[in-house]
Each structure stands twice: as C-alpha cells, then as structure tokens.
Amino acid sequence: MHSLRKSGQLAFETPRYAYLLGNGSRRAFSLSSPRFRGALPVFREPSSPNLSQLLANFNSKVLLPAHLTKQQQKLVYSQESRAKLEAEPVEITLGDVTLPLEHLDRNKLPDRTRTYRTIIKESKTPEDWENVLRCLEGLKEASLKITMHTKEHVARVLNQAGMYRILLKGLQRVKQTDLSMKYWLVTRQVLRGLHDRAASTGWDEQETAQAFKMATQVIDLMNMDQHCGLVEEEYDHRGRPEVIAVPTELAAVMAERHGGDIEEVKKLCKRLVAALEQTNYMETLDKISKLPQQEPAEKKSQQSAFVGDYVYKLMSQIWVWNALSTSRRVLGADMPKADVALGFEQRTEAVLNEGIDNLDKLLTYNGERLEFKLAGYIQSALEQCKAPA
C-alpha cells in the first residue's frame, strides 16, 4: 500500500539500530491520492550500525525516489519545497515500510551499484546476507536495473560466504530477484560454488551430498521461464556440457568415495557425453587451446579481462574432465560410449595442462605481473580433483 501518513514504521524487523531511521513526530501533508507504486524491502537485523545506516540510505535514497509519483518528486526535489517539508514533515508508506519524505538533491543521490556493493562488502551474518537478497528484490520492485556483472558478484560472494541456502533462495525467487541463470556469468558462479563446496572439503561425504542435492535443484530451476525455460537460444544454457558436468562429477564422486548411486552416475554421464557430441565440444576445446597464442591486448585492463575470461574457461573444463574421468573409474565397462568419452577426457586434460603452463605468460604484461587471484585457483582445483579417493 502506498500512502502518505503521520506515524512512522521502521524498515527493520527488529529495533536494535532503530535510531538510524528516526521516528519523531510528523504531520500529514495533503496530496492527491497516489497510485500504488510497489513496496520497499523490510530488512532483517543487520550486524552493525554502519550496515544499518547503509541499508537505511539504500531504502530512502536509492529505492524510494524510484517509487515516487510525479507530484511527490516535485515535492522532494524542489528547493522551494524544502522549507515546507522541514516545517511540516510528511511520511510515505510503501508496503510495510514508512519513511519520511525529505528534500533530495538529484545531483547528490548515491550510485545504486556502488551503494549495493558496499552493503555486500559489509555483510557478515546470515541476516546480513538475507538483506543482500532483499536489496535485489527491492531493486527489481523499483524497476532499477543493475548489471549482470553485479549479479555475478552476488552469486560469487554468497558462495564464498557459504550462504548456499540464500543463493538457492535467490534463484528460486528469480521473479522477485532477477538473479537469472540466463546470464552465463551468473550460471558459472552457481556451478563453481557447487563444485567448490565439495572439492574444498576434500570431497567430504556430507558436503558432496549437499552439493549434489543443490545441483539437481539448480538444474530443475533452469527450466523456469525466467531462467532458461523461455529465453532466446543464446541464453539457454541447459544443454551446455559444463552445466551437465557438475552434477555428473558430484554423483560420480559420491559413488567412488562414499558408495553412492552408480545408476545415477550412468544416467548423468550418458547425458554429458551426448551433450559433448551434440555441441561439437572438440571445436570448443580447440578454440580454448588457441587463445594463449593471441597477441597481448593494447591496454592492461583489456589483457586482465582476457585472462579472466580464459581462466573461467579453464575452470569449466575442470568440471568436464573430473566428471568424465571419475565416471570412467566408477562405471568401467558400463561407461557410455567409452571410446568417445575417453577422447573428450584426454583432450580436456591436455587443454587444462596447456592452459596452466601458459598462465604465467598471459599474466605478464609489458614486463609487469598482473594480479589475478583465480590463476592459482586453477592449479589447486585440478589437484583437488586428482587427489586419491
């Protein structure tokens, strides 16, 4: 419900840092009845006063202006109305949140992406990370766009923080969050998180089982219209070998190390080999193999971007190689299209080894070493996969 009113209601579920929003006496100011414009997010209790202030500013200075009617915008942005707002305070209610209408300088409104990333950087607790998701929902509700790179960042940091449940919730609520796997940048972070969750623990039984369970949920979610179910072909990643490889490798690891379901491995591996054939994946591997032969980019930033994309391509080959090699050991003579699968496995491993050998050269630009954290990740991730069962 969108209305102007006297009494205030805080934008937090609990009042620990309530003072940051203020809740003093305010009088109603008569305006024509505004139409419904959506709602502001109600945040969970943040872990610090600084984060509380950031969230309050996000609601009042990033989201609220996008919900205002033209008449309210005139009131808020007009210098002539500033004194009237201070003398006769007005409050506006959007959903379950009530905020004061205060004078805003259009030229000094905070950048939405920078503000959001600062909130992400300050987040520590599960409640904080839930608020990160609610900020996404607030942006979608306000029809404010953020880049796919920022959405990728959200998926990455949620994985790094171990907030797998919250990431899954964001994917399930794609209509509200717009955290869509039609963007490959988002999908690859989701897949990386699933792989890392199991691999980083030495393929612990419980963590690997949980990663596999979430992987099957992710694959199902990709069928939703807002993910890949009703998008143009270039945004439909369901048939990509890299996507199928992650649940396949997790199922194979469960079977090899923890007595998991071999029939599940056979089913998934058959699907993976079919995808490798149908997508002419040897051509993809050949293209990846040739990338280090390119001349260095003209600018340092361009070279960094090139190396970043190359490293992520290598990362996805780890999933494919591990899925094939582990499945082969598990299935033996029952390996689907064994000769074909072995050819893909060997070629993928060769591309990975070549890539690791070429990273030092690619990371050297005009005699200067580029800083890139993921470069070391590739080597360690491959070693994790090769660790004996």
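No value in this document is a laboratory result; all are computed from the given coordinates. What you see is a predicted model; the values in this text were computed from it and never measured. When we count neighbours, we look across all protein chains shown, and the Cβ atoms used for this are built from the backbone with ideal geometry, even at glycine.
Quick notes
- Considering only Gly332, Pro296, Met282, the residue lying farthest towards the positive end of the dipole of the stretch 280-389 is Gly332, judged by Cα position with unit charges set on Cβ.
- Integer Hz, Karplus 6.51/-1.76/1.60 couplings in order for the stretch 218-223, x for Gly and Pro: 4, 4, 5, 5, 4, 7
- Here the sum of -39500 (n - 2.57) over DSSP H runs of 4 or more residues, divided by the residues of the chain, equals -18500 deg cm²/dmol at 222 nm, to the nearest 500.
- If R0 is 22 Å, the Cβ-Cβ spacing of Glu205 and Ala333 corresponds to a FRET efficiency of close to 0.25.
- Taking the Cα centre of the stretch 280-389 as origin and assigning +1 to Lys and Arg Cβ atoms and -1 to Asp and Glu Cβ atoms, the resulting dipole is close to 160 debye.
- Leading residue at positive end of dipole, the chain (Cβ point charges), from Gln226, Gly38, Met148: Gly38
- Coupling constants for the stretch 117-130 follow from the phi torsions by the Karplus curve (6.51 cos²θ - 1.76 cosθ + 1.60, θ = phi - 60°), and in residue order they are 5, 5, 4, 4, 4, 8, 6, 10, 8, x, 5, 4, 5, 4 Hz; glycine and proline get x.
- 5 angstrom amide H check on Val97, placed H, neighbours 5+ away: Leu40
- Helix 300-331 vs. the chain, principal-axis angle (Cα, 0 to 90°, nearest 10): 50
- Mean separation of Cα contacts under 8 Å (6+ apart) over length of the stretch 163-235, as relative contact order %: 34
- Fully extending the segment from Gln71 to Ala305, taken as 0.36 nm per residue of separation minus the present Cα-Cα distance, adds 79.8 nm.
- Placing a label point 7 Å from the Cα of Lys145 along the Cα-to-Cβ direction, the residues of the stretch 98-119 whose backbone N falls under 20 Å from that point are 110-117.
- Trypsin sites (Lys or Arg not before Pro) restricted to DSSP loop in the stretch 329-389 with at most 14 other C-beta within 10 Å: Lys373
- Paramagnetic reach from Val340 in the stretch 219-258 [backbone N under 15 Å; point 7 Å along Cα→Cβ]: 241
- Size of electric dipole in the chain: Cβ of Lys, Arg +1 and of Asp, Glu -1, about Cα centre, debye, nearest 20: 1560
- Gly260 long-range amide H proximity, modeled H, under 5 Å: Ala255
- The chain - percent relative contact order, Cα under 8 Å, separation 6 or more: 12
- Computed over the stretch 297-389: relative contact order in percent, which uses C-alpha pairs under 8 Å that are six or more apart: 40
- Remark: for residue pairs Lys108/Lys300; Lys140/Lys213; Lys61/Lys151; Lys140/Lys287; Lys169/Lys287; Lys151/Lys361, the C-alpha separation exceeds 26 Å in Lys108/Lys300; Lys140/Lys213; Lys140/Lys287; Lys169/Lys287; Lys151/Lys361.
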